[in-house]
Amino acid sequence: MTSVLRFLRRALQSHNCHQHASLHVQPANVTFSAATVEVLPYLLVCAASLLGLSGCLPRGIETPKRRDGHDTAWNAIACSQPRASSVAEEGKRAFSFLTPEYRRNVFFIYEKRLRVHSPPEKVFDYFSSVRNNCGSFMTSLDLMRAAVPVFQPLSSSHVRSGFLGGERREDDDDSGVPCFVQVYPQSDFFKLFDTDGDGLISFPEYLFFITLLSLPESHVKTAFQQFDVDGSGHLCRNEFIDMMKVMRLSTSRPKATGYRTGMKATDIHDMSVGLLQYLFGDLGKEHRLSLHQFETFLHQLRSEIDKLEFTHYDNTNTGSISLQDFGFSVVAGADVLKLQYFIERASKLASRGIYSLDERVSREQFLAFCRLLKHGGTKFQEMIKAHVRAGSQLDKVNFMRFAKDCGEHLSEAQIDVIFFIFDTDGDGLLSPEELLHVTCRWD
């Protein structure tokens, strides 16, 4: 994907240099050089198809013709229903084919695939925002972005969460330290394991946390008992390390190769001195870890990721986020093959009048949604499944009632957003399977 976009950029720059003019989408009666007409459309189609975004290209572009009058490969783009024209962007380039909305969607899908298919070194390098003489490091927000698919907030000028090595970051200041590192407070939860007090997460620590987050909640007890060799209900430090090694090797995420960092996937004992000390105490004085303590720790870790996700969307630090950003958060977990459909559903929230602009989602309302639907095996999920299995229908009234029965409160606006996205036939009813398949990330 990156090579295609770089090739496209070079082609555009070359064309601009030779023609002494920026390239614009033109009406059908405007002529183009044969090289430009023949090459650039195919590059755009290739880039879109690689990203699964053929439906996101600009809408309503007429088909230009060469000087000989023949239609060109732009027909392929016209069939893809493009929908963005050239725009000025941040003063860094004179013109761009892509609107911020289009670019935001492109990078979101690229980053979603990067998390799933790339080795952890590449993921860590992409999302790490701090680079100094000691190497690359993550903030707690970087860790969340590396673990959880998130859109960029609509109020932000940024279109992506990370950068490839060697690229200058959009929010770097003269010192090379990203601005958001200075703005956002460090997570109190991650301070528990920060032995040197720098507030940063190294690659070994990242690998530790991402391994824990990859363990489905439904498998925690089985994995723990498998390594409790003496049947005491507790793990010692070495048994825990052995469990982490197997978890790392069995996770669906790609394995660390060691090419960039020298860190192998099985080097669990080097992953986080601070975290192991927190769980087991100092060497020679350590205690044993119970299943309840381990489950509590995992719950705290996932809850902290939820809080960091809210902080990501609350980039203006107002204590609330827009319902549009909430809608994008709801659909962010969809499969790549269905993602474009759900992005389009979420994008229509404002135009369909699903909410008023003064309605927002508070931090507690966002976290309530996470506790109900983003964590696996919750009481709420079991209730809505049983309700439908019994032959009843899941409408807004029952949805809100089940949430209250679980001690959580969602606003009517939140429920309106959820039903608009998932009630595709407009009958006022939801299918729990589709809803949970998209929203639940800790299954």
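Would you point out which residue out of A350, A386, A368 is crowded, with 20+ Cβ neighbours inside 10 Å and small (G, A, S)?
Values: A350 fails: crowded, with 20+ Cβ neighbours inside 10 Å; A386 fails: crowded, with 20+ Cβ neighbours inside 10 Å.
Answer to the check: A368.
Taking region 366-381 as the range and being at pLDDT 85 or above and farther than 17 Å from N315 by Cα as the test, the residues that pass are A368, F369, C370, R371, L372, L373, K374, H375, T378, K379, F380, Q381.
Could you pull out the residue among D358, D416, D425 that is charged (D, E, K, R), under 21 Å from D325 (Cα atoms) and at pLDDT below 95?
D358
Evaluating S187 against the criteria (1) in contact with a helix residue (DSSP H, G or I) (Cβ under 7 Å, 6 or more places away or on another chain); (2) modelled with pLDDT of 85 or more; (3) of a type outside the set (D, E, K, R) leaves one unmet condition, (2). Give the residues of region 350-400 that are β-branched (V, I, T), part of a helix (DSSP H, G or I) and in contact with a helix residue (DSSP H, G or I) (Cβ under 6 Å, 6 or more places away or on another chain), sorted by residue number. I384, V388 - these are the residues of region 350-400 that are β-branched (V, I, T), part of a helix (DSSP H, G or I) and in contact with a helix residue (DSSP H, G or I) (Cβ under 6 Å, 6 or more places away or on another chain). Annotation: of all residues in region 215-232 being hydroxyl-bearing (S, T, Y) and at pLDDT 85 or above, the one that is surrounded by the fewest Cβ atoms within 10 Å (Cβ to Cβ) is T222. Every test in (1) in the same structural domain as F224 (by TED's automatic domain parsing); (2) among the acidic types (D, E); (3) buried (at least 20 other Cβ atoms within 10 Å of the Cβ) is passed by D325 save one, and that test is (1). Does region 116-135 contain at least one residue that is at pLDDT 90 or above, among the small types (G, A, S) and in contact with a strand residue (DSSP E or B) (Cβ under 7 Å, 6 or more places away or on another chain)? Checked against the condition, which is being at pLDDT 90 or above, among the small types (G, A, S) and in contact with a strand residue (DSSP E or B) (Cβ under 7 Å, 6 or more places away or on another chain), region 116-135 yields at least one hit.
The values are calculated or read from the model by the stated rules, or taken from the named source; none is laboratory data. Remember, it's a predicted structure, so these values are computed and weren't measured experimentally. Cβ sites come from the backbone with ideal geometry, for glycine too, and all protein chains shown count toward neighbours.
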